[in-house]
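One structure below.
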Amino acid sequence: MSAGIDLENVCCDFGTFRAVDNANVSIKPGEFFSFLGPSGCGKTTILRMVSGFIEPTEGVIRIGGKDVKGQRPNQRPTALIFQNLALFPLMPIWENISFGLEVRGVDKATRRAKAEELLKLVDLPGAGDKMVSQLSGGQKQRVAIARALAVEPSVMLLDEPLSALDLKLRQHMRAELRAIQRRTGVTFIYITHDQGEALAMSDRVGVMSQGRIQQIADPREIYNNPVNGFVASFVGENNIFEGEVQTAASGMASFSTPHGTFRARLGDLGDKKHAKLYVRPEHTLLSTAATVENAVLVTIGDVSFEGNFIAVHASTESGAHLTSEIRNDGSATVPEKGARMFMSFDPARASILPDANVRA
Amino acid sequence: MHKFRQNLAHLYTVLFVLYLLTPLVVMSGAAFNDSKLPSIVPWKGWTLMWFGEMISDQRMMLAFANTLWVAVAVAGISIIVGTASAILINSVSGRARTALYGMMISTILIPGVVIGISTMIMWTKLGGALFGPEGKPWPFIPGLHLSILGQVSYIAAMVMLLVLARLQSFDAGLEEAALDLGASHAQVMRRILLPHLYPAIGAGGAVAFFQSIENFNVTQFTRGGADTLTVYVFSKVRSGITPTINALAFLLICVTLVLAIIYEVNRRRRARIEAARQAEARRAEEALL
Amino acid sequence: MQDMLRRYGFGLTLAMCLLVTFWLVVLVIVPNITLFEQSFRPYLPVVEIGGPRDTYSFANYLKVFDGNVDKSLFGISFSIPVHVYTFGLTIFYSMLVTLICFAMAYPLAYYMAKIVNPRSLPTLILLLFIPLWVSEVLRAFAWWIILAFKGPLNALLMGLGLIEDPIRWTNMGYTGVVVGLIYTYVLFMLFPIYNGVQSLDTNQIEAAEDLGAPWWKIHWRIVLPHSKPGIASGSVMVFMLSAGSLLVPSILGSTTSQWFTQTIDQWFKDALDWNTASAYAFLLLLLCTVFVSVAMWLFKVKLSDIAK
Ligand SMILES: Nc1ncnc2c1ncn2[C@@H]1O[C@H](COP(=O)(O)OP(=O)(O)OP(=O)(O)O)[C@@H](O)[C@H]1O
Ligand SMILES: [Mg+2]
């Protein structure tokens, strides 16, 4: 029913432009795998190579262990959900869903029954005779999924399927998609540039930038232990200090910056000494007294109330801007604007990381 | 001041519509005037006589039949050629596209006289070269088939433009989706692309049909001895006219009006259905949240 | 092309290419090349075709300069070859028709695009379309009736006491032709301009109004520049249709109005000299194309803007 996918050294060139550079990933059967990255980083290109609309310039793609080189889209056991859904506007819903069966010559009664069954699966029973324009965004989404499931693919490929929906609906559909994936057990490859979506839904995430895969890991690992500055910045906010590694021992290093010397975890810098230190705003503390280590004297600037947390903007003496987030438990005290306080952080929550892994 | 200008604009529009329609009314009115000359002044009383004479005018009826089959043929060929060209143009890009598009568009601008003479000369000369000057077989002799080819040469471009405009609103992703679901190329064409293009193809067919009916220049130079309605009316206007032409004009205008009204009613009905569907989609969206 | 093969497969792509080739090569290019080739050959009896006298020359083209007539314009008398004179007037009056059509169509196009209630627009468009579906010959015929010596226009003007005696409208030089051409082709100006104006964001007009621009300035600086491609395509259409019209000049022309297409028609139908007719037809095509290209270059519009 579901199949694994392996990309081995896959590259894709458009003329002289390399859209995907040396991608290596092994996706397990039944996994919910997301590719996360900013616009234009090559996510769609990867998906189109897996579905067969474009051939890789180099490298091998295996689906269920078999090399699919030369197979056309309709010969691969994949089903693609397009960025804009691509529902056929002139066919009623049930014909949309059963189109894949129609072109395989399945008779009408069987198709109709299959369409109804799938509509139940995606929680839209009885909507078969409606037209596409009668459905809301979320309903169209489910029809697109049902249409893809109708051909019983072993891999579903979804290209930013939620990007056209508004915020509330998007959150609702996250849970829905995840549930459908669990129910069917099909391998999902999901593409998004929304980090919240990727972290919330996936078993594993591959973060991409400029055609290269930066890190592949489960969501917690990605957020808590990013391998480089790009991943750290793309999946969340950071306070960043630039500086030099002084001494290093057992994964920790002391790092000298214009704001003082800090201790933090040391990432894979290669032979470089110059790097940046990343601390997430929610991992910082504000206090009136200096702590033993990793403390910076700051002047409190604007304070913005965000509902579930309070963002405190502050600046150091040399003018660098830092942010601290305080969880709003209902009784949190908010610092005064203009107050001078110490911002500190736990060495285990701060990382010294290289920049993104990009071509020279 | 603003109000004044607005009223002026309304007035101008009314005058413009009157300017366009009055000549047609005058022409239709003359069909009912009991006068040997086609005019509405002086009014000599009502009559339906000219309609009777029109029906018994054998040449006119023959010309009418000719016009119809020529128009159907032109519409049919133009639809096929025009649609294929639109799809082709839509799939190529860069310099090839500019060149092809320019060539197709320029056929609309070539004077009909040029199209008529060049079509006539090419086919008769080709016949002469193949079979000698005497006894050239069909299609190398003048006749309405040459008129059809000449008319298609520029009417196809009009169909192409209409279909191309519609293609621009076509989401090519639908074709990929269909291919991804396992459809063959022919199935993609028949089930996905053509249904989307039907409205434009229909409009193109109507335009081609009416353009063919009204064509004079190309037909005049290629028709040989055969008449079409336009050519016949032209010869009648130049020689002795009777108001039978007005009777014919009146009937044609009526047919046009009926078709226009049917089209408009149909359009409104569709707009209503579509609006209702979208309202339903909005309600569904709100219900979910 | 690659893309097309992928979408439609080999068979369908080939079929479409063949259809386009049939159209452009068999129906357009080869006939025009034949016309061009024939225009350099003399008109000969059938038996002599291909014989020793059948040689290429410019003789057919040079016929344009035969037979001078004496004319005077603005008090200056001059002698000019009659066909050149006809051609000059054809171009001149076609330009006049184009200009008048623009002046008539622009306000209405603006009204339709920006002022009229959008709900009544379809009805208005439908009304405007009616004459377009009625054939050209009948539209010219309608004006033939109206302009007749004992026709309704004279009757109306006399009834209103504006004139004493009926006027011979169709015997006043090019009057009838110009009136007929305007009526026949004004809609070909209206719809392209309407499309042009319609795509202008109304906010731009309102912003200009808000900044205090007078109405003429809004048109001159905002609406007109924006609708330039539409105006250009309308003008090219009307000009080419007018210069190439044979029907309207034949029906509404007077004894003193000769249109260049009529001259071509006479070579073809009356003199049966297809070769000279070809030469003249080619001249018409060439000179109109040059004229339109120069005009488009002056107004900085491209062919691809036309017929959008
Ligand atoms: N057919 C093509 N020809 C040339 N360049 C292309 C082609 N398709 C994509 N590209 C380029 O490849 C890069 C990656 O494109 P891709 O569509 O994979 O990005 P993406 O990550 O899906 O972005 P988005 O989030 O905007 O959808 C882009 O810079 C794009 O311009
Ligand atoms: Mg994409």
Worksheet, complete the sentence: Quick P(r) readout (chain C; Cα-Cα; 20 Å bins; whole %) gives 24, 50, 24, 2
Discussion item. With just the Cα atoms defining each centre, how far is the range B:178-228 from the range C:144-170? Give it in Å.
Written reply: 45 Å
Worksheet item: Which order, highest average first, do A:37-46, B:188-197, A:266-275 follow once you tally other Cβ atoms within 10 Å for each residue and take the mean per peptide?
Response: A:37-46, B:188-197, A:266-275
Practice prompt. Would you compute, for the Cα atoms of the range B:220-289, the largest minus smallest coordinate along each principal axis and list the three values in descending order, in whole Å?
Written response: 76, 28, 13
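How much length is gained on full extension from A:Lys272 to A:Ala248, taking 0.36 nm per residue of separation minus their Cα-Cα distance?
7.4 nm
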Worksheet item: Which percent, to the nearest 5, of DSSP beta bridges fully inside the range A:5-229 are antiparallel?
Response: 55 percent
Worksheet item: Given the Cα-Cα distance of C:Leu224 and C:Asp165 and 0.36 nm per residue of separation, how much length would full extension add, in nm?
Response: 16.9 nm
Worksheet entry | Paramagnetic label zone (point 7 Å from Cα along Cα-to-C-beta, A:Thr299; backbone N under 18 Å) in the range A:313-346 | A:313-324, A:335-343
Worksheet item: Where Rh is the Kirkwood radius over the Cα pairs of the range A:239-353, the temperature 10 °C and the viscosity 1.306 mPa s, what D in µm²/s does Stokes-Einstein return?
Response: 109 µm²/s
Worksheet, complete the sentence: Scoring chain C by relative contact order with C-alpha pairs under 8 Å, at least six apart, yields a percentage of 23 percent
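What do you get for Rg/Rh of the range A:6-92 when both radii come from the Cα atoms and Rh is the Kirkwood radius?
0.98
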Worksheet entry | Residue among B:Ile80, B:Ile273, B:Ile261 with the largest mean-square fluctuation in a Gaussian network model of chain B, springs linking Cα atoms under 10 Å | B:Ile273
Discussion item. Once R0 is set to 25 Å, what does the formula 1/(1 + (r/R0)^6) return for the Cβ-Cβ distance between A:Glu282 and A:Asn225, expressed as a FRET efficiency to the nearest 0.05?
Written reply: 0.95
Worksheet item: Who wins for biggest fluctuation among C:Ser242, C:Ser135, C:Ser120 in a Gaussian network model of chain C, springs between alpha carbons below 10 Å?
Response: C:Ser120
Worksheet item: What average count of beta carbons from other chains do you get within 10 Å of the Cβ of residues in C:272-279?
Response: 2
Worksheet item: Between B:Leu288 and A:Arg183, what is the label-to-label distance in nm when each label sits 7 Å out along the Cα-to-Cβ direction?
Response: 1.4 nm
Item to complete: Would you mind giving the three semi-axes, in whole Å and largest first, of the ellipsoid equivalent to the range B:1-103 according to its Cα gyration tensor?
Response: 43, 32, 8
Worksheet item: Kirkwood Rh over Cα pairs of the range A:271-337 into Stokes-Einstein at 37 °C, 0.692 mPa s: D in µm²/s?
Response: 248 µm²/s
Practice prompt. Just order A:165-171, A:312-318 by mean Cβ neighbour count inside 10 Å, highest at the front, would you?
Written response: A:312-318, A:165-171
Worksheet, complete the sentence: Note on the range C:249-269: residues buried by at least 40 Å² of accessible area once partner chains are added (vs chain on its own, 1.4 Å probe) come out as C:Ser250, C:Phe268, C:Lys269
Worksheet item: Counting partner chain Cβ atoms within 10 Å of every residue's Cβ in B:277-285, what's the average?
Response: 5
Worksheet item: Pairing the Cα long axis of helix A:167-184 with the longest principal axis of chain A, what angle in degrees results, from 0 to 90 and rounded to the nearest 10?
Response: 60 degrees
Worksheet, complete the sentence: Between the alpha carbon centres of the range A:65-128 and the range A:316-350 the gap in Å comes to 53 Å
Response to the item:
Mean projected area, convex hull of alpha-carbon positions in the range B:61-240, reported to one decimal in nm², is 13.1 nm²
Practice prompt. Give me the distance in nm between label points sitting 7 Å out from Cα along the Cα-to-Cβ direction at C:Trp297 and B:Leu259, one decimal.
Written response: 4.2 nm
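As a check on your grasp of the helix formula, calculate [θ] at 222 nm for chain B: sum -39500 (n - 2.57) over DSSP H runs of n ≥ 4, divide by the residue count, round to the nearest 500.
Helix-only estimate at 222 nm: -26500 deg cm²/dmol.
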Worksheet item: Counting pairs of alpha carbon atoms under 8 Å apart in space and at least six apart in sequence, what relative contact order in percent does the range A:239-353 give?
Response: 32 percent
Discussion item. For a quick check, take a GNM of chain C with Cα springs below 10 Å and name the residue from C:Ile91, C:Ile146, C:Ile29 with the largest mean-square fluctuation.
Written reply: C:Ile29
Worksheet item: Which far-off residues, 5 or more places away or on another chain, put their amide H under 5 Å from the one on A:Thr187, with H placed in the peptide plane?
Response: A:Ala3, A:Gly30, A:Met156
Worksheet item: Taking R0 as 22 Å, what's the FRET efficiency between A:Arg112 and B:Ala279 from their Cβ-Cβ distance, rounded to 0.05?
Response: 0.20
Worksheet entry | Kirkwood estimate for the range C:158-308, i.e. one over the average of 1/r between Cα atoms, Å | 18.5 Å
Practice prompt. Using θ = phi - 60° and the Karplus relation 6.51 cos²θ - 1.76 cosθ + 1.60, list the HN-Hα couplings for the range C:59-65 in order, rounded to whole Hz, with x at every Gly or Pro.
Written response: 3, 5, 5, 5, 4, 4, 8
Practice prompt. Would you mind giving the mean number of other chain beta-carbons within 10 Å of the Cβ of each residue in A:82-88, as a whole number?
Written response: 5
Discussion item. Solvent-accessible area of C:Phe299, probe 1.4 Å, all protein chains present, reported in Å² to the nearest ten, please.
Written reply: 130 Å²
Worksheet item: What are the semi-axes of the equivalent ellipsoid of the range C:1-86, taken as the square roots of 5 times the eigenvalues of the Cα gyration tensor, listed largest first and rounded to whole Å?
Response: 47, 24, 8
Response to the item:
Mean accessible area per residue over chain C (1.4 angstrom probe, all protein chains present, square angstrom) is 48 Å²
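For an R0 of 22 angstrom, estimate the FRET efficiency from the Cβ-Cβ distance between C:Lys150 and B:Trp46 and round to the nearest 0.05.
For R0 = 22 Å, the calculated efficiency reads 0.65.
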Discussion item. Please compute the modelled spin-label separation between C:Phe36 and C:Asp210, points set 7 Å along Cα→Cβ, answer in nm with one decimal.
Written reply: 5.5 nm
Response to the item:
Bounding extents of the protein assembly as shown in its principal axis frame from Cα atoms, largest first in Å, are 113, 69, 60
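Quick one, could you list the DSSP H helices from chain B stretching 15 Å or more along their long axis (Cα atoms) with average Kyte-Doolittle hydropathy of 0.0 or above?
B:2-30, B:58-91, B:94-109, B:112-131, B:144-168, B:194-214, B:244-288
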Worksheet item: With Cβ to Cβ distances under 14 Å as the rule, what net charge do the other residues near C:Leu12 carry (K, R +1; D, E -1)?
Response: +2
Fill in: Alpha-carbon centroid distance for the pair the range B:63-105 / the range C:208-271, whole angstrom
25 Å
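May I ask for the Kirkwood hydrodynamic radius of chain A, worked out over all distinct Cα pairs and given in angstroms to one decimal?
For chain A, inverting the mean 1/r across all distinct Cα pairs yields 22.9 Å.
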Practice prompt. Give me the percent of DSSP beta bridges within the protein assembly as shown that run antiparallel, rounded to the nearest 5.
Written response: 80 percent
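The values are calculated or read from the model by the stated rules, or taken from the named source; none is laboratory data. All of these numbers come straight from a predicted model, not from anything done at the bench. So basically every Cβ, Gly included, is an ideal-geometry build from the backbone, and we count neighbours across all protein chains shown. Just the protein is used for accessible areas: all its heavy atoms, side chains included, with ligands, DNA and RNA removed. Shrake-Rupley method; radii C 1.70, N 1.55, O 1.52, S 1.80 Å.
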